[in-house]
Each structure stands twice: as C-alpha cells, then as structure tokens.
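Colleague: This structure is in structure tokens; I'll ask about it shortly.
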Amino acid sequence: MADSRRLPAYSEPSRANGKTESELHMFALVAALVFIGSFLLAAGTIIGMFLAYHDKMVAALTFDPIPQETPVYRLRISRRRASPSARQAAPAFAAAVLAA
C-alpha cells in the first residue's frame with residue numbers, strides 16, 4: 001500500500017523564493033568559504049607586512065631624535081677703507097674734448 005504522506009524523492013522548495021534546501025546549503029557553504037578566505041588573506045597580509053617591516057618599525061620606535069639647538073648667528077661686518085691713489089685723476093671731460 002502506498003502511503004500518500006510519503007516524502008518526495010526531490011527537495012521541495014523551502015523558501016518563498018523557490019530555492020531548494022540543497023541550493024541554500026550550497027550558497028551558505030560558498031559564502032562561508034569566501035568569508036574565511038578573505039579573512040585569512042587579510043590576516044596573512046598583515047602578518048607578512050609586519051615580518052617584512054619589523055626592523056624598520058623597531059628602528060622608528062627607538063629612534064632618539066637629534067636635539068635641535070637654536071642657531072646662534074655671529075655676524076662680523078668689516079668695511080674695507082679705500083686707500084688714497086698715487087696717480088692723479090684725469091678730468092672727466094677731457095675725452096669729450098678730444099672726440100669733438
């Protein structure tokens with residue numbers, strides 16, 4: 001005798017959108033794998049950068065800056081005095097007289 005309450009051999013749609021139970025499980029599995037993969041990629045990138053730049057980070061944290069002293073400017077102004085010339089200066093208009 002066949003029982004009319006027997007479960008069907010295929011999956012009935014479990015949601016209003018028509019997706020079957022196995023499709024929903026597959027979607028959840030793929031979403032979980034993508035999430036875990038992206039988390040592991042981000043964690044691996046952070047750890048890799050930490051290992052690559054560990055020495056530079058330690059050097060930056062332990063750097064003792066050079067103390068900056070205020071600059072002191074010492075200015076010496078010296079003027080050279082003109083010494084008297086031994087030769088006699090020619091008048092400025094003598095060249096103009098010869099040219100004319």
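The values are calculated or read from the model by the stated rules, or taken from the named source; none is laboratory data. The shown structure was predicted, so the numbers you read here are calculated from the model rather than taken from an experiment. Each accessible area value is taken on the protein alone, full model and side chains, heavy atoms only, with ligands, DNA and RNA left out. Shrake-Rupley method; radii C 1.70, N 1.55, O 1.52, S 1.80 Å.
Colleague: Residues in segment 75-97: is at least one aliphatic (A, V, I, L, M), in a helix (DSSP H, G or I) and at pLDDT 75 or above?
Modeller: As a first pass, look at segment 75-97 and keep what is aliphatic (A, V, I, L, M): 75, 77, 82, 86, 89-90, 92, 94-97.
Add one more test, that the residue is in a helix (DSSP H, G or I), and what stays is 94-97.
Add one more test, that the residue is at pLDDT 75 or above, and what stays is none.
No, segment 75-97 contains no residue that is aliphatic (A, V, I, L, M), in a helix (DSSP H, G or I) and at pLDDT 75 or above.
Residue-wise test of (1) at pLDDT 95 or above; (2) open to solvent by less than 100 Å² (accessible area, probe 1.4 Å); (3) aliphatic (A, V, I, L, M); (4) in a helix (DSSP H, G or I).
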site: E23; (1), (2), (3), (4): no, yes, no, yes
site: F27; (1), (2), (3), (4): no, no, no, yes
site: A32; (1), (2), (3), (4): yes, yes, yes, yes
site: F35; (1), (2), (3), (4): yes, no, no, yes
site: S38; (1), (2), (3), (4): yes, yes, no, yes
site: L41; (1), (2), (3), (4): yes, no, yes, yes
site: G48; (1), (2), (3), (4): yes, yes, no, yes
